[in-house]
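Rule-based calculations on the coordinates, nothing more; no lab input. Quick caveat: nothing in here was measured; it's all calculated off a predicted structure. Virtual Cβ from ideal backbone geometry, glycine too; neighbours counted across all protein chains shown.
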Amino acid sequence: MKQGNETKIRILTVANELFYHQGFNSTSIANIVDKTKLSKGNITYHFKSKQAILEGIVEQRLLDIDGLLNQWDMEIIAPLDRLLRFCGMLIDEQDNLKYYGCPMGTLTGELSKNQPIHYKITLPMFKRFRSWLTQQFLLLNYPPEQSDENAMELLSRVQGISVITHVFKDKEFLNKEIKKLKETLHIEYGGGFIP
């Protein structure tokens, strides 16, 4: 890997963590300089603005999301099991969710309040999950409109669990709610309780 690419990845990795832990608006280029130990000129050489860094982060997150969803598609045969795995993603990230909330949800929520240009940059992350969830319901033989409604309902429930987990710093709540959500999915779309 070329040194320029390594530097870009380093900047994006640090900025991604800072945006997640302290927010986009509360993170300055100076914070990124401090954390990366790079000069401001080095950072602005690779990214002309904080918006350009945000765009790079979202691009990387989308690649990560695509990789994850493709992996689930290859490894998990049944659409219902894929939906259950999607819910289980919160369990995997429960420590981060407790302290910082959902990486997508907190960033998109922050930017949607008063920065529509930046908000539009982050929205594709949610759209990617929505599209994939809709596809799973289509594979369960729901018509397109109902599949999209089911996808939005599941996405909203998972985001709601994430928000409340973060607000109350309560992993026990998260685990109980995900268990209930999986049971509901299994009853509604699979015909019985999870073993």
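Sorted from largest to smallest, which semi-axis lengths in Å does the alpha carbon gyration tensor of segment 12-56 give for its equivalent ellipsoid, taking the root of 5 times each eigenvalue?
Value: 15, 12, 8 Å, ordered largest first.
Applying 1/(1 + (r/R0)^6) with R0 = 30 Å to the Cβ-Cβ distance of S131 and Q22 gives a FRET efficiency near 0.50.
Centre-to-centre separation between the Cα atoms of segment 80-144 and those of segment 27-49: 29 Å.
What is the fewest-to-most order of C87, C102 by other Cβ atoms lying within 10 Å of their Cβ? Working shown, then result.
Numbers: C87 19, C102 22.
Neighbour counts put them in this order, fewest first: C87, C102.
For segment 88-195, the calculated P(r), taken from all Cα-Cα distances in 10 Å bins from zero up to the bin holding the longest distance, is 14, 38, 35, 11, 1 percent.
Put in line by how crowded their Cβ is, counting other Cβ atoms within 10 Å and starting with the fewest, V163, V158 read V163, V158.
Values of log10 I(q)/I(0) for the chain across q = 0.08 Å⁻¹ run -0.31, by the Debye formula with one identical scatterer at each alpha carbon and no solvent.
Backbone geometry of segment 57-67 corresponds, through the Karplus equation with coefficients 6.51, -1.76 and 1.60 at θ = phi - 60°, to 3J(HN,Hα) couplings of 5, 5, 4, 5, 4, 5, 4, 5, 4, 4, x Hz, x marking Gly and Pro.
Just want the ordering: L139, L111, from fewest to most Cβ atoms lying within 10 Å of their own Cβ. If you can, show how the numbers build up before the last one.
On the way: L139 14, L111 22.
Fewest-to-most ranking of L139, L111: L139, L111.
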